[in-house]
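Working notes, structure below.
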Amino acid sequence: MFQQVPMVEIDGMKLVQTRAILNYIAAKYNLYGKDIKERALIDIYSEGVADLNEIILYYPFLPPGDKDGSLTQIKEKSRNCYFPAFEKVLKSHGEDYLVGNRLSKADILLTELLYHTEELDSTVLANFPLLKALRTRVSNLPTVKKFLQPGSQRKPFEDEKFVEELKKSFG
């Protein structure tokens with residue numbers, strides 16, 4: 001529609017825009033709550049993940065002189081704002097997942113974020129046992145476990161080689 005990616009062909013439609021795609025797939029596969037209140041919570045958590053993820057996704061593309069400051073900001077926001085908030089949600093209801101004690105798109109997005117932050121700093125989850133448990137729980141789901149295996153379609157976090165190739169393609 002806007003001559004850009006992502007675009008997903010599903011159920012005879014061409015869906016564009018990341019959030020629209022995610023919402024459609026989440027609704028189709030029962031990962032978007034049982035009612036409007038659960039969907040609102042899932043959206044809140046998903047948007048929180050997106051806020052932190054935006055900073056993280058820019059990190060590999062920063063000039064070398066800006067990376068230390070950005071990494072410090074990522075760690076501070078993770079440890080002092082976002083991770084405590086998600087840890088508190090899990091603790092507040094004592095359930096295995098963020099909403100309705102069942103897997104939602106928010107759990108999957110948060111798990112992906114946890115992997116990204118750990119790839120930047122392996123100690124970032126040290127004080128968040130419930131987030132570690134969520135990551136393990138989601139990672140052990142058969143389809144997710146298969147996706148995380150070496151040789152799967154999962155792309156590792158962008159490294160310097162990838163960034164250089166991308167710059168050559170668009171530069």
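Key figures
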item: HN-Hα J in Hz across the range 120-127 - Karplus 6.51, -1.76, 1.60, θ = phi - 60°, x for Gly and Pro; result: 8, 8, 5, 9, 4, 9, 3, 9
item: Candidate residues K67, K145, K88: accessible-area rank, largest first, probe 1.4 Å; result: K88, K145, K67
item: Built amide H within the under 5 Å cut-off of Y97, gap 5+; result: R102
item: Of K28/K77; K91/K132; K75/K132; K88/K132; K75/K168; K67/K161, those spanning more than 21 Å from alpha-carbon to alpha-carbon; result: K28/K77; K75/K168
item: The chain: relative contact order in percent, alpha carbon pairs under 8 Å with at least 6 residues between; result: 20 percent
item: Approximate spin-label separation S152-D43, in nm, with each point projected 7 Å along Cα-to-Cβ; result: 3.0 nm
item: Contour minus Cα-Cα distance for E118 and V8 (0.36 nm per residue); result: 36.7 nm
item: Accessible solvent surface per residue of the chain, calculated while the other protein chains remain in place, 1.4 angstrom probe, Å²; result: 64 Å²
item: Once the Cα gyration tensor of the chain is diagonalised, semi-axes √(5λ) in Å; result: 26, 23, 15
item: Cα gyration tensor of the range 1-95 - equivalent ellipsoid semi-axes, whole Å, descending; result: 28, 24, 7
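The values are calculated or read from the model by the stated rules, or taken from the named source; none is laboratory data. Quantities reported herein were computed from a predicted structural model and do not represent experimental measurements. Neighbour counts run over all protein chains shown; Cβ positions are idealised from the backbone, glycine included. What goes into the accessible areas is simple: the full protein's heavy atoms, side chains included, and nothing from ligands, DNA or RNA. Shrake-Rupley method; radii C 1.70, N 1.55, O 1.52, S 1.80 Å.
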